[in-house]
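J.: Quick one: structure below, then a few questions.
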Amino acid sequence: MTSLRRTLAVRFCATMFVALAAIALWAYLGAQRLLRDELDRALRNSAQTEADMAAAFGSPPIHPGPLDKDRFVREENRLVVTRDSGGRMIAANTELARTLPLDLASFARARHGETGFATGQWLGGRVRAIYLPAPQTRSGEAAVLQVAASLDPLESATRTVLYRILGTVLLGSLAALVGAGWLARSSVAPVAEIARQAKAITGGAAGERITAHADVTEFVSLIEVLNDMLARLERAHQGHQRIIRDLGHDLRTPITSLRAGVEVALWTERKPDEYRRVLASALEEVDRLTLISDALVLLARLESGELVQDFAGIDAGAIARDSLARAQERVGAHRFTLTRPRDPVPLQADPRLLGMVVDQLLDNAMRHTPPGTTIAISVAAEGDHVELIVEDNGPGVPDDTLPHLFERFYRADPARGRDGGPGLGLTAAAAIVELHHGTIRAERGSAGGLRIRMLLPLHQPTTAPSPATESAGARA
């Protein structure tokens with residue numbers, strides 16, 4: 001596992017080292033070039049002085065006696081030689097100068113009246129020399145004046161500069177390492193604090209959020225993402241708790257009824273008709289349990305993507321007509337009306353799933369409206385969509401209930417009577433509508449009842465994402 005703090009420190013230190021090394025190299029080369037240029041200027045000045053003296057006295061002044069090379073280089077470091085046109089030495093200011101090498105290219109340039117510089121080997125070291133035309137003497141033999149200086153002092157100075165620069169680079173790198181460690185530690189400290197707060201969130205209390213460093217620009221997006229995730233998890237957790245609680249309530253009711261009916265039937269001997277009534281009541285409770293189970297399975301398959309839709313060209317009016325016919329076959333005293341265009345309303349949808357949606361809407365309206373209530377279905381083409389409306393003229397639902405419609409197990413009636421259903425039917429209906437890239441919503445009808453409006457696209461997109469389902473109603 002890689003440490004972010006160590007990675008930041010190493011990369012920052014390596015970057016600083018490379019930058020310091022580059023600056024040091026540039027400084028060293030610059031200092032070396034500066035010292036060399038300064039030596040060349042000094043040689044030029046010395047050569048001009050020697051030329052003037054040679055013009056006045058005929059030859060360079062000679063240092064008497066033997067000389068120590070190191071002392072001479074350290075104290076004077078000027079070697080002067082006069083050469084004839086053939087390069088032979090005519091005069092020298094010291095015996096040490098007689099060992100100076102001759103650079104033929106620079107000598108030739110001086111013979112043609114130009115000045116030349118050359119570097120060569122001399123007595124185990126290196127020497128820098130300037131060649132220039134010699135002034136005319138009485139004898140007329142002098143042709144070229146050579147003035148040289150040992151490079152030992154310059155090389156010693158450049159080595160000193162190099163050592164100091166390297167020392168500066170090493171000290172700077174050490175300081176960069178310490179600073180990089182502090183910077184990396186301070187940079188990741190907020191992450192550790194955010195992680196500590198995240199670990200402390202147990203989900204036991206609602207509204208727990210991460211607040212550490214929420215005002216720091218670099219961490220605003222991270223904290224927003226984490227808090228959004230916590231909000232989604234909190235909503236999912238609350239939903240799961242509500243599902244478990246409500247599902248337990250809904251399962252307990254039919255199970256209790258089944259047990260009570262069977263116990264009463266077993267108390268005493270009864271007539272066959274009485275047993276039939278008990279069995280019929282038990283069958284109703286079994287149907288209720290089956291309805292809950294089927295709704296849960298359907299929702300799970302819809303949400304997991306296991307339910308594969310089979311889109312085909314259908315007539316939306318025919319779907320509404322068939323669902324209305326099935327609703328009229330049930331026991332009840334409701335009136336039904338169907339409004340649809342005379343011509344077919346073509347729609348690309350899964351006929352089986354869309355029929356389940358319309359069946360659920362009608363079943364929802366029948367269960368929650370009194371006998372004699374009118375339930376109206378209308379189908380119409382609206383641009384590139386088909387609008388399907390199921391509306392009743394019953395008592396309707398409170399306005400504050402509409403935003404919660406279509407939540408699992410939600411009922412407007414807290415009493416949760418046995419006729420209310422499992423509270424999952426319209427949840428599955430809205431999931432099917434979303435699967436068709438449509439929208440469904442609930443609103444108050446013109447007569448005060450509930451109106452559920454669906455909008456389905458005429459043609460299904462191939463890769464477009466499903467739009468968010470609008471708040472929809474379920475009093476199931």
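J.: Compute the length gained on full extension between residue 260 and residue 112: take 0.36 nm times their separation in residues and subtract their Cα-Cα distance, giving the result in nm to one decimal. Walk me through the intermediate numbers first.
T.: Details: separation 148, 0.36 × 148 = 53.28 nm, distance 13.14 nm.
My answer for the length gained is 40.1 nm.
J.: Still on this structure, please answer the following. Using 0.36 nm per residue of separation minus the Cα-Cα distance, give me the extension gain between residue 2 and residue 205 in nm, one decimal.
T.: Details: separation 203, 0.36 × 203 = 73.08 nm, distance 3.45 nm.
Length difference between fully extended and current span is 69.6 nm.
J.: Calculate one ³J(HN,Hα) per residue across segment 345-353 by plugging θ = phi - 60° into the Karplus curve 6.51 cos²θ - 1.76 cosθ + 1.60, and present them in order as whole Hz with x for glycine and proline.
T.: Once θ is set to phi - 60°, the couplings for segment 345-353 become 9, x, 8, 9, 7, 8, x, 5, 5 Hz.
J.: Can you match Kirkwood radius over Cα pairs in Å to one of these, (i) 32.7; (ii) 23.6; (iii) 23.0, based on a calculation from the structure here?
T.: Given (i) 32.7; (ii) 23.6; (iii) 23.0, the structure-derived one carries the label (i).
J.: Using a 1.4 Å probe on the protein heavy atoms only, what accessible surface does residue 301 show? Give it in Å² to the nearest 10.
T.: Surface open to solvent at residue 301 totals about 100 Å².
J.: Report the accessible area of residue 128, computed with a 1.4 Å probe over the heavy atoms of all protein chains in place, in Å² rounded to the nearest 10.
T.: 30
J.: Suppose every K and R has +1 on its Cβ and every D and E has -1 on its Cβ; what is the size of the dipole of the chain about the Cα centre, in Debye to the nearest 20? It would help to have the intermediate numbers written out before the result.
T.: On the way: 54 positive and 56 negative charges, 323 e Å.
About 1560 debye.
J.: Measuring from label point to label point, each 7 Å out along Cα→Cβ, what is the residue 44 to residue 14 span in nm?
T.: Going by the 7 Å Cα→Cβ label model, 4.6 nm.
J.: List, in order, the whole-Hz ³J(HN,Hα) value for each residue of segment 169-175 obtained from phi through the Karplus relation with A = 6.51, B = -1.76, C = 1.60 and θ = phi - 60°; use x for Gly and Pro.
T.: Each residue of segment 169-175 in turn: 4, 5, 5, x, 5, 5, 5 Hz.
J.: Moving on to the next point. How would 446, 221, 186 rank on accessible area, largest to smallest, probe 1.4 Å?
T.: Sorted by accessible area, descending: 446, 221, 186.
J.: Can you work out the accessible area per residue across segment 269-359, with the rest of the protein chains kept in place, probe 1.4 Å, in square angstrom? Could the numbers behind the result be given before it?
T.: Details: 5780 Å² over 91 residues.
Accessible surface, normalised per residue, equals 63 Å².
J.: Hey, got the dipole for segment 259-317? About the Cα centre, +1 on K and R Cβ, -1 on D and E Cβ, debye to the nearest 20?
T.: Values: 7 positive and 12 negative charges, 70 e Å.
Computed charge dipole of segment 259-317: roughly 340 debye.
J.: May I pose another question? Spelling out what I want: for every residue of segment 82-99, take phi, set θ = phi - 60°, compute 6.51 cos²θ - 1.76 cosθ + 1.60 (Karplus), and round to whole Hz; glycine and proline get x.
T.: Computed from phi, the couplings for segment 82-99 are 10, 10, 8, 5, x, x, 6, 6, 9, 8, 8, 7, 6, 4, 4, 5, 5, 8 Hz.
J.: So, one more: Please work out the average accessible area per residue across segment 72-146, using the 1.4 Å probe convention, and give it in Å². Walk me through the numbers before you get to the answer.
T.: Numbers: 3730 Å² over 75 residues.
Heavy-atom accessible area per residue stands at 50 Å².
J.: Further, regarding this structure: Figure the gain on full extension for residue 166 and residue 178 (residue separation times 0.36 nm, minus the Cα-Cα span) and round it to one decimal in nm. Walk me through the numbers on the way to the answer.
T.: Numbers: separation 12, 0.36 × 12 = 4.32 nm, distance 1.84 nm.
Computed gain between residue 166 and residue 178 is 2.5 nm.
J.: Percent of accessible area on the chain owned by carbon and sulfur, 1.4 Å probe?
T.: Numbers: 15660 of 27070 Å².
Solvent-exposed carbon and sulfur of the chain make up 58 percent of the total.
J.: If Lys and Arg each add +1 and Asp and Glu each add -1, what is the summed charge of the other residues whose beta carbon sits under 13 Å from the beta carbon of residue 460?
T.: On the way: positive: none; negative: 310, 350, 384, 434.
Combined, the nearby Lys, Arg, Asp and Glu give -4.
J.: Exposed loop sites here are GluC sites (Glu not before Pro) in DSSP loop states with at most 12 other C-beta atoms within 10 Å. What is the longest stretch of the chain lacking them? Could you put the intermediate results ahead of the total?
T.: On the way: sites that count: 114, 269, 306, 329.
For GluC sites (Glu not before Pro) (loop position, at most 12 other Cβ atoms within 10 Å), the longest site-free span of the chain is 115-268.
J.: So what does residue 163 come to for accessible area, using a 1.4 Å probe and Å² rounded to 10?
T.: Solvent-accessible area, nearest 10 Å²: 150 Å².
J.: Per the helix-only calculation at 222 nm, which mean residue ellipticity applies to the chain, given -39500 (n - 2.57) for every DSSP H run of n ≥ 4 and division by its residues, nearest 500 deg cm²/dmol?
T.: Numbers: 9 runs with 243 residues, N = 476.
Calculated from helices alone, the mean residue ellipticity at 222 nm is -18000 deg cm²/dmol.
The values are calculated or read from the model by the stated rules, or taken from the named source; none is laboratory data. Here the structure is a predicted model, which means the values were calculated and not measured. Cβ: placed from backbone, ideal geometry, glycine included. Neighbour counts: every protein chain shown. Accessible surface areas use protein heavy atoms only, side chains included; no ligands, DNA or RNA. Shrake-Rupley method; radii C 1.70, N 1.55, O 1.52, S 1.80 Å.
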